[in-house]
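Undergrad: What follows is a structure written as structure tokens; I'll ask about it next.
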Amino acid sequence: MDMHTVVVGTSGTTAEDVVAVARHGARVELSAAAVDALAAARLIVDALAAKPEPVYGVSTGFGALASRHISHELRAQLQRNIVRSHAAGMGPRVEREVVRALMFLRLKTVASGHTGVRPEVAQTMADLLNAGITPVVHEYGSLGCSGDLAPLSHCALTLMGEGDAEGPDGTVRPAGELLAAHGIIPVELAEKEGLALLNGTDGMLGMLVMALADLKNLYTSADITAALSLEALLGTDKVLAPELHAIRPHPGQGVSADNMLRVLAGSGLTGHHQDDAPRVQDAYSVRCAPQVNGAGRDTLDHAAVVAGRELASSVDNPVVLPDGRVESNGNFHGAPVAYVLDFLAIVAADLGSICERRTDRLLDKNRSHGLPPFLADDAGVDSGLMIAQYTQAALVSEMKRLAVPASADSIPSSAMQEDHVSMGWSAARKLRTAVDNLARIVAVELYAATRAVELRAAEGLVPAPASQAAVAALRAAGAEGPGPDRFLAPDLAAADTFVREGRLVAAVEPVTGPLA
């Protein structure tokens, strides 16, 4: 476990801290300012709870049942009941890193001092994270409005010592047993606390933050594979000249072109036309790679801005304001996050599509400018990478289906009180699948392009130094080079891991310098 410590204050958190806690087991501590803010806000809630006038979330029911005033003796039961009844998820478990991000981001909002939760509840949330206890959260249950209700409820249930959770050893046990084994006392929820633990965009936001981290690596990797494919197809790197991209100044486009140009520096293949009639222009999938990759990069930048705003937010309903008011609001609505989750699924699908088109071109003897059919050793006897492209095409088709926006949908709930919802959790779940698939698609292009570059080298043409570094690192990672047909799935799996772990980028950067 990473002993890095993330301190949670009153002003939000960073994407880097989310990833550190969710994926790398960073410890969590509450700042002194956060503890003070929690205590101050709780005094306000306690004062309101003592008054005869009903206050939503403090002394009333919830959602469509908000009109009922709840007596003092029933309020603890009300808080327990909302957690138990809302922990209604179904389907397979979501990933441990998603649940840890969910818990951490709810703690981030709680620590802001706008929720009215007591300091000891916030500390117990941190204790769960630090103990490596992960509540069992299910795939279905969030409509992305009033927060990720069911997923957050399953987390709150664990705080109460109820339901099931996974221990640090990966074994699922009753939550009460796990808390006792780690010396953690289950919380007894007071007024407003049950509601405050459930009412946030934390699940969809956590998945957005992690998708952005993964996509940053994949976009840089795709710039590298596009350069390798251009080189293997004897294309021209003149289209990457900075002056061409300066006259259409989309930032991402210029970044991608520069990445490709640096990978291709010193190549003996680019512009070396094998054909008797030289090409005037390369195909769109080769020539327009910076435009497509770059537009995706700009979309990532927009999504990162939205994520940053949400990471700085306190998402709850009602909220405790500095002047002592407790006010209802609609900040829990997931639309801002849901939209960018869908945007990312769209650009990821298009990036996968252009990668597949270059792969197909490398394998087609009529368009590959002298490469053997399917990059096979003995075409006809060997099928080469024919079916690797089938696999890639299947993934691309799945990506297109995943690009259909979830946020354009809405379905009413809670007796029409919650009559327009964001579906942000659903957008986040399909984006996770899309990101996984994109890594595989980029890996297939890498595998094909490196084989093609090696075949060119066998003809006496010298690849760029960065290309040679990529080929050598991929082969060392277990993805073999040209030769007779063999069991291909392990090679593709090795290429997938190589890309997914950022090792492709790491392999070329000693030659190119840092790539964006």
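What follows is calculated from the coordinates using simple rules that are stated; it is not laboratory data. Keep in mind that what you see is a predicted model, and the values were worked out from it rather than measured. Here the Cβ positions follow ideal geometry from the backbone for every residue, glycine too, while neighbour counts run over all protein chains shown.
Undergrad: Sort the following peptides by mean Cβ neighbour count (other Cβ atoms within 10 Å, averaged over residues), highest first: 255-266, 197-208, 150-161.
TA: The most tightly packed comes first, giving 197-208, 150-161, 255-266.
Undergrad: While we're looking at this one, here's another question. What does the extension gain come out to for SER67 and GLU398, with contour length at 0.36 nm per residue minus their alpha carbon separation? Could you put the intermediate results ahead of the total?
TA: Values: separation 331, 0.36 × 331 = 119.16 nm, distance 4.58 nm.
Additional length available on full extension: 114.6 nm.
Undergrad: Using only helices, what value at 222 nm comes out for the chain when you add -39,500 (n - 2.57) per DSSP H run of length 4 or more and divide by the total residues, to the nearest 500 deg cm²/dmol?
TA: -18000 deg cm²/dmol
Undergrad: Determine ³J(HN,Hα), in whole Hz, for all residues of the range 165-172 in sequence, where each value follows from phi through the Karplus function 6.51 cos²θ - 1.76 cosθ + 1.60 and θ = phi - 60°; x replaces Gly and Pro.
TA: 8, 9, x, x, 8, x, 8, 7
Undergrad: So how far apart, in nm, are the two label points at ASP409 and ALA49 if each is 7 Å from Cα heading toward Cβ?
TA: 3.9 nm
Undergrad: Starting from the Cα gyration tensor of the range 246-398, take the square roots of the eigenvalues, sort them a ≥ b ≥ c, and report rounded, prolate or oblate (rounded when a/c is under 1.5, otherwise prolate if a/b is larger than b/c, else oblate). Each step should come with its number before you reach the end.
TA: Numbers: a/c = 4.51, a/b = 2.33, b/c = 1.94.
Prolate.
Undergrad: Right, another one. I'd like to compare 105-113, 236-244, 427-435: which one has the highest average count of other Cβ atoms within 10 Å, and what's the full order after that?
TA: The peptides rank, most packed first, as 105-113, 427-435, 236-244.
Undergrad: With angles folded into 0 to 90 degrees, how steeply does helix 335-363 sit against the dominant principal axis of the chain? Use alpha carbons for both and round to 10.
TA: 20 degrees
Undergrad: Can you run phi through the Karplus equation (6.51, -1.76, 1.60; θ = phi - 60°) for the range 82-99 and list ³J(HN,Hα) in whole Hz, with x for Gly and Pro?
TA: Per-residue couplings from phi come out as 5, 5, 4, 6, 7, 7, 10, x, 9, x, x, 5, 7, 5, 4, 5, 5, 5 Hz.
Undergrad: For the chain, give the share of DSSP beta bridges that are antiparallel, in percent and rounded to the nearest 5; count only bridges with both residues there. Can you show the working numbers first?
TA: On the way: 11 of 16 bridges.
So the antiparallel bridges in the chain amount to around 70 percent.
Undergrad: What distance in nm separates the two pseudo spin-label positions at ASP436 and VAL7, each 7 Å out from Cα along the beta-carbon direction?
TA: Reported label-point gap for ASP436 and VAL7 is 3.8 nm.
Undergrad: Once both labels are modelled 7 Å past Cα along the beta-carbon direction, what's the ILE247-ARG475 spacing in nm?
TA: Taking the simple label geometry, ILE247 and ARG475 are separated by 4.2 nm.
Undergrad: Report the extension gain between ASN81 and ALA181 in nm, rounded to one decimal, defined as 0.36 nm multiplied by the number of residues separating them, less their alpha carbon distance.
TA: The span from ASN81 to ALA181 would gain 33.5 nm if fully extended.
Undergrad: Between ALA39 and PHE487, what length in nm is gained on full extension when 0.36 nm per residue of separation is reduced by their alpha carbon distance?
TA: Full extension from ALA39 to PHE487 adds 155.0 nm.
Undergrad: Would you mind counting up the charge near PRO242? Only other residues with Cβ under 15 Å from its Cβ, with Lys and Arg at +1 and Asp and Glu at -1.
TA: Net charge in that neighbourhood comes out at -1.
Undergrad: Can you pick out the pairs among LYS216/LYS400; LYS51/LYS192; LYS216/LYS365; LYS108/LYS192; LYS216/LYS430 whose Cα atoms lie more than 22 Å from each other? It would help to have the intermediate numbers written out before the result.
TA: Values: LYS216/LYS400 20 Å; LYS51/LYS192 14 Å; LYS216/LYS365 33 Å; LYS108/LYS192 17 Å; LYS216/LYS430 18 Å.
Distance filter (> 22 Å) returns LYS216/LYS365.
Undergrad: A follow-up question, please. Taking every alpha carbon pair in the chain, what does the distance histogram look like in 20 angstrom bins from 0, in percent?
TA: Once binned at 20 Å, the Cα pair distances of the chain give 22, 45, 25, 7, 0.
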